[in-house]
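Accompanying notes for the structure given below.
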Amino acid sequence: MRVPFFRPAAALAVGVLVVVGSLAACTSAPEPPTPEPVAAALAAGLTSGDLNAVVFDGATPAAATDSVRNAVGALSSITRTVTVESVTRAADDANSATAKLRWTWNLTGADGAWAYSVDAKLARAADQSWHVAWSPTLVEPKLTATERLALERRQAARGSILGANGEVLVGLKDVYRVGIDKGRISADQAQISATALATLMGTDATAYAKTVAASGPAQFVPAITLRIDDPRIAGKTAAVQAIPGGAAMPGQAMLAPTATFARALLGTVGPATAELVSKSGGRIVAGDTSGLSGLQLRYDLPLSGQPGVVVLAKGTDSGGAASSRTLFTKAPVPGVSLTTTLDRTAQDAAEQVLTGASGVASLVAIRPSTGEIVAVANSPATNGQAVATTGQAAPGSTFKIVTSLALLRAGLTPESPMSCTDTVTVDGRVFKNYDAYPASKLGSLPLRLALANSCNTAFISQRGTVSQDDLADAAAALGIGVAYDTGYSGFVGSIPRDATQTEHGASMIGQGRVTASALTMAIVMATIVHGSTLLPRLVDRPAATSPAPGGDADQSGSAAEGATATAAATAAATAAATDSPAPKISPAPTAPPAPAKPLTPEEAQALQGMLRGVVAEGSAKALAGIAEGAKTGTAEFDAAGVTKAHAWMIAFRGDLAVAVYVADGVSGSQTAGPLVSAFLQAYAG
């Protein structure tokens, strides 16, 4: 008989308790949170400026966000990153930790970046979450609650523009910056003073008053920048200062030898325009000094160097006085000097000659042996426009030297006969010679005499001998119409390849749609003297270092309006050490493509002989003993129903080729010829 098995209730309960206890022993308690995620959130919040995801001791997330924004101050627009370098738990306190954060600021002008580390104190609260102890030192290691970051930009000493033999053409010179200091007077008085000052200095009073009105309440607003020896300021400093708010502040500016010296070519320097700032990609900021036109604008990148930066902590001390601490400094890197081929003596001579020119006139001189452009000058009537290099006008009979080359290539010789008549008709249009053409030179003439006497009809009569393409090829051989980047604002001429019969006839004598500048025709003459294809040069690589002194010298130029900015250069190259290689200029000039039919030495020799004949027995006799060879040019044009004429003269003497253009003259020999003569005698002796 089986005996039933019974377990006491107490024993059963104990068994249950044992089982439950065993289950509890097998399930571990959750790990308390670590400080690393909070450190990462803090770094992310400091980077973005939004700290709402972080819990602070001593501040709410919103208050901490506001405090960081205020502390960052002027650096708020600067790209920054904050990363976690390490998180270290306290050895003697499991509830404390320190996060080391790395701040990195991408400061424009600094070589690399401004970087530093800060410590963030973390503490574990009763609910096991980690909090951050708020402190302004989270932004900068020694920042106080009354301080905020400030940024100052220090422009570099600007590079000079050099001429032949390294002579400084544009460098720092002492000036007076004449203007109104609005911080010393009321707004109403500023308007009255602006008008008075502009009137005293002979500038536009209305425009200056508007500029003053639009400027800040404590700003010094320059009206004009003048050399210290400028007669417009001599003896007037007391009168300027007698005007309420008026001041003549001494300083320095990048200036050429004179106010007109190659101004259109070299350009000007002054406060950067809003357009330049917006197109610079951040390289130029409001308040910077920048190239405004000419070479100063195109090569602003190497000339301006790299700006320096200073980061400050500004606030108040315990006494309430303003305080400032320097936190970071990066010295500016001076700009490099731009070397040109301009010859100071030649440029002075050219400008002196054109001072007496009537109306718009320009002159370009080139050294044929090297292609160096030694002078680029414009008359006062051009009002600062680069007519010498960018002007576009019919070259008239100076172009007959191009037509002569085309005829030589077609089989003619300098002695080949041509028919010079009073008139010639092409497709219904009547062409004639210039009004003073000598009757004794009509009839059958050899090519050399047709050129010497500039017989229009003789050249037009050969229109069936050479095509428009032949003319264009001959022009290209002499440097006309070849597209390339000269390194400055330059127009090297244009001749169409498609032309009607009438246009072709006009092209034979440099009219119709044929256009050129003084630069163009100087290249033509220099190429012929050189004897083969010539590469005209103006801009060389910058010198390795700038002769301009360093420091914080005022480099403001005049407030002249700048020209439209060229495309921003893509590569900066500056050198701080004297043994550094000369950096490349950017954007760099390019060489012209080789012409399809280059000029041969034999062709050049024939053309030189024919040009000598123009001086010996033709329309340039007035240059006998002054120039070896020359060609006159007169191109008629209609001006509101009145027939006027462009006057040209191109010439050579030794290793010098020159072209002069006068927009409104009588003839090449009467108007342009005397200017060429005066220049050659002044410069070549």
Query raised in the report: HN-Hα J couplings of segment 75-80 from phi, Karplus 6.51/-1.76/1.60, θ = phi - 60°, integer Hz, Gly and Pro as x?
Result: 8, 4, 8, 7, 5, 9
Requested in this report: For S160, list long-range residues whose amide hydrogen, built 1.01 Å from N in the peptide plane, is under 5 Å from its own amide hydrogen.
Outcome: S337, L338, A548
Report summary line: If amide H atoms are modeled at 1.01 Å from N in the peptide plane, then the residues at a separation of 5 or more from E372, or on another chain, having amide H under 5 Å from its own are R367, R537
**Report entry** Sorted peptide list for 521-530, 666-675, 391-400, criterion being average Cβ within 10 angstrom, highest first
**Finding:** 521-530, 391-400, 666-675
Query raised in the report: Residues with amide H under 5 Å of R154's amide H, sequence separation 5 or more or different chain, H placed in the peptide plane at 1.01 Å from N; which?
Result: G308, V309, V310
Query raised in the report: Order of 345-358, 68-81 by packing, highest average Cβ count within 10 Å first?
Result: 345-358, 68-81
**Report entry** segment 669-685 - phi-based ³J(HN,Hα) in whole Hz, Karplus 6.51/-1.76/1.60, Gly and Pro as x
**Finding:** 5, 7, 9, 7, x, x, 5, 4, 4, 5, 5, 4, 6, 6, 9, 8, x
Query - Residue-wise HN-Hα coupling along segment 442-457, computed from phi with Karplus coefficients 6.51, -1.76, 1.60 (Hz; x: Gly, Pro) - result: 7, x, 7, 10, x, 3, 5, 7, 4, 6, 4, 8, 6, 7, 4, 5
Query raised in the report: In a shell of Cβ-Cβ distance under 11 Å around N95, excluding N95 itself, what net charge do Lys and Arg (+1) and Asp and Glu (-1) give?
Result: 0
Requested in this report: Using Rg/Rh (Cα atoms, Kirkwood Rh) as the read-out, say which of (i) 1.25; (ii) 1.05; (iii) 1.00 was calculated from these coordinates.
Outcome: (i)
Query raised in the report: When the helices in the chain are scored as -39500 (n - 2.57) per DSSP H run of 4 or longer and the sum is shared across all residues, what 222 nm value do you end up with, to the nearest 500 deg cm²/dmol?
Result: -7500 deg cm²/dmol
Query - q = 0.11, 0.12, 0.16 Å⁻¹: log10 I(q)/I(0) that the Debye formula gives for segment 36-145, counting C-alpha atoms only - result: -0.33, -0.39, -0.69
Requested in this report: Evaluate the relative contact order of the chain (contact order divided by residue number), counting alpha-carbon pairs under 8 angstrom at least 6 apart; express in whole percent.
Outcome: 13 percent
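If we sort 267-280, 501-514, 436-449 on the protection proxy, mean other Cβ atoms within 10 Å, highest first, what's the order? Can you show the working numbers first?
Numbers: 267-280: 19.4, 501-514: 22.5, 436-449: 15.7.
My ranking of the peptides, most packed first, is 501-514, 267-280, 436-449.
No lab work stands behind these numbers, since they all come straight from the coordinates. This one's a predicted model, so the numbers in the text were calculated from it and none came from an experiment. Glycine gets a Cβ as well: all are built from the backbone with ideal geometry, and neighbour counts include every protein chain shown.
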